[in-house]
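Following: one structure in structure tokens, then a few remarks.
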Ligand code: GUN
Ligand code: ZN
């Protein structure tokens with residue numbers, strides 16, 4: 001039993017920010033068992049091991065709802081938009097992940113880095129190779145992370161070395177589901193890359209697999225780039241629009257995660273809302289690849305299920321701080337300035353709920369103890385800025401704009417300190 005002391009930040013029943021200076025979190029069996037005034041909890045639980053984080057903030061760990069671990073080596077690649085970027089940078093790197101040793105080394109490095117930035121949960125794309133998903137599951141399992149991944153399904157319009165077929169894709173996915181889904185905190189995500197790289201047979205196989213295992217996630221890409229959208233309309237001429245392809249194969253359900261979803265028609269947006277699909281905002285990627293401006297505020301007001309994501313390697317940062325800043329900058333371009341509450345909610349509790357993970361994303365009794373210790377004084381720049389702030393919201397917004405991995409001084413995963 002552990003009692004963490006610090007400045008506790010979470011969300012109340014109305015999803016508004018709450019804070020308790022000199023607060024405490026009692027953790028047992030990886031779950032928050034009590035929270036409140038720190039001194040009071042110290043008195044009430046004399047047997048607990050006290051870890052005093054002083055005036056640092058204790059916050060829920062970040063949820064990255066769409067990221068490609070095999071693309072870490074191609075983050076920050078110059079000069080292309082989506083389809084050319086895939087051909088020139090992404091596919092050559094992804095071709096290496098049939099080698100289990102390479103995949104394992106990359107998975108370890110990816111998780112070390114994401115944890116250093118404070119991401120404790122993620123929905124992650126692997127590559128077409130089952131070994132790549134296996135490597136990430138093993139590495140995430142060793143760290144006891146709540147994480148979903150899946151082998152990419154891709155049977156056309158890609159290099160031969162990255163191609164599966166509808167039958168092998170189904171069988172390998174099913175084998176991975178049976179081996180890893182529900183093991184500890186791991187979950188499986190059926191992962192058709194996007195409509196252009198899957199045949200009709202493969203998309204139909206995805207639906208059959210999801211029918212057989214209805215409690216897994218599904219993740220894919222939707223309506224990111226103008227050339228991509230045109231290509232989808234040529235490949236699926238009978239479909240009214242891009243989403244219509246996924247609808248036709250019954251892939252638009254709750255817990256279907258659609259990365260990007262920038263250029264939606266009113267029909268597509270209405271259908272996504274009615275069916276409970278999740279729109280995953282990938283702001284740094286959408287800026288970096290020149291894809292477009294996602295209307296987060298409008299979608300939030302319309303009641304869409306939303307999440308926030310780095311989309312590395314299209315995204316230019318692993319950090320969810322930078323991702324929130326990207327979301328703010330995109331909203332500013334649209335004249336809609338998202339605030340600290342909206343940004344932090346999307347990066348934690350809101351994203352977690354959209355993924356169906358009701359057990360993470362908040363500091364409250366009953367939640368799994370994935371906790372960040374944030375030192376606002378880690379750099380001179382943030383320290384002086386926080387010193388001039390007059391409210392918690394102002395201080396948190398300054399961190400969203402200015403913080404990086406130096407501000408994440410400790411991370412707890414299910415109550416265990418990662419550095420231990
Ligand atoms: N669409 C299909 N594959 C990808 C990918 O790997 N990254 C991004 N940003 N979009 C995609
Ligand atoms: Zn992506």
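The label point for residue 381 and the one for residue 34, both projected 7 Å from the Cα toward the Cβ, are 4.2 nm apart.
Against the chain, whose longest principal axis is taken from its Cα atoms, helix 166-180 shows a tilt of about 20°.
Extending 7 Å from the Cα toward the beta-carbon at both residue 334 and residue 406 defines two label points whose distance is 3.3 nm. When Rg and the Kirkwood Rh are both derived from Cα coordinates, the Rg/Rh ratio for the range 99-204 amounts to 0.98. Take every DSSP beta bridge whose two residues both sit in the range 1-131; close to 60 percent of them are antiparallel. Seen from a random direction on average, the alpha-carbon convex hull of the range 329-420 projects onto 7.3 square nanometres. Protection proxy ranking for 330-336, 299-305, using the average of other Cβ atoms within 10 Å per residue and placing the highest first: 299-305, 330-336.
Across the chain the C-alpha pair distances fall into 10 Å bins from zero in the proportions 5, 23, 33, 24, 11, 3, 0 percent. Ranked by the mean number of other Cβ atoms within 10 Å of their residues, highest first, the peptides 115-127, 184-196 come out as 115-127, 184-196.
Label positions at residue 78 and residue 208, each projected 7 Å from the Cα along the C-beta direction, are separated by 4.8 nm. Between the helical axis of 392-402 and the dominant principal axis of the chain, each derived from Cα atoms, what acute angle in degrees is found, rounded to the nearest 10? Roughly 50 degrees between the two axes. Given R0 = 51 Å, the distance between the Cβ atoms of residue 178 and residue 391 translates into a calculated FRET efficiency of 0.50. Here the contact order of the range 1-137, divided by its residue count and restricted to Cα pairs under 8 Å and six or more residues apart, works out to 23 percent.
Beta bridges from DSSP with both residues in the chain: antiparallel share about 45 percent, rounded to the nearest 5.
Alpha-carbon geometry of the range 157-243: the Rg and the Dmax are 14.2, 43 Å, given in that order.
The mean sequence separation of alpha-carbon pairs under 8 Å and at least six residues apart, normalised by the residue count of the range 369-419, gives a relative contact order of 52 percent. Calculated mean residue ellipticity, 222 nm, the chain: -11000 deg cm²/dmol, from DSSP H runs (n ≥ 4) at -39500 (n - 2.57) each, averaged per residue and rounded to 500. Going 7 Å from the Cα of residue 266 toward and past its Cβ, which residues in the range 213-243 have a backbone nitrogen under 18 Å from where you end up? The answer is 240-243. If you run the Gaussian network model on the chain, springs between alpha carbon atoms under 10 Å, then out of 221, 157, 68 the most flexible one is 157. Projected over all directions and averaged, the alpha-carbon convex hull of the range 81-125 occupies 4.0 nm². In the chain, the longest principal axis of the Cα atoms and the axis of helix 100-116 are about 40 degrees apart. Ellipsoid fit via the Cα gyration tensor, the range 1-81: semi-axes of 36, 15, 12 Å, each the root of five times an eigenvalue, largest first.
No lab work stands behind these numbers, since they all come straight from the coordinates. Predicted model only: the values in this text are computed from it and were never measured. As a convention, Cβ positions derive from the backbone with ideal geometry for all residues, glycine included, and neighbour counts pool all protein chains shown.
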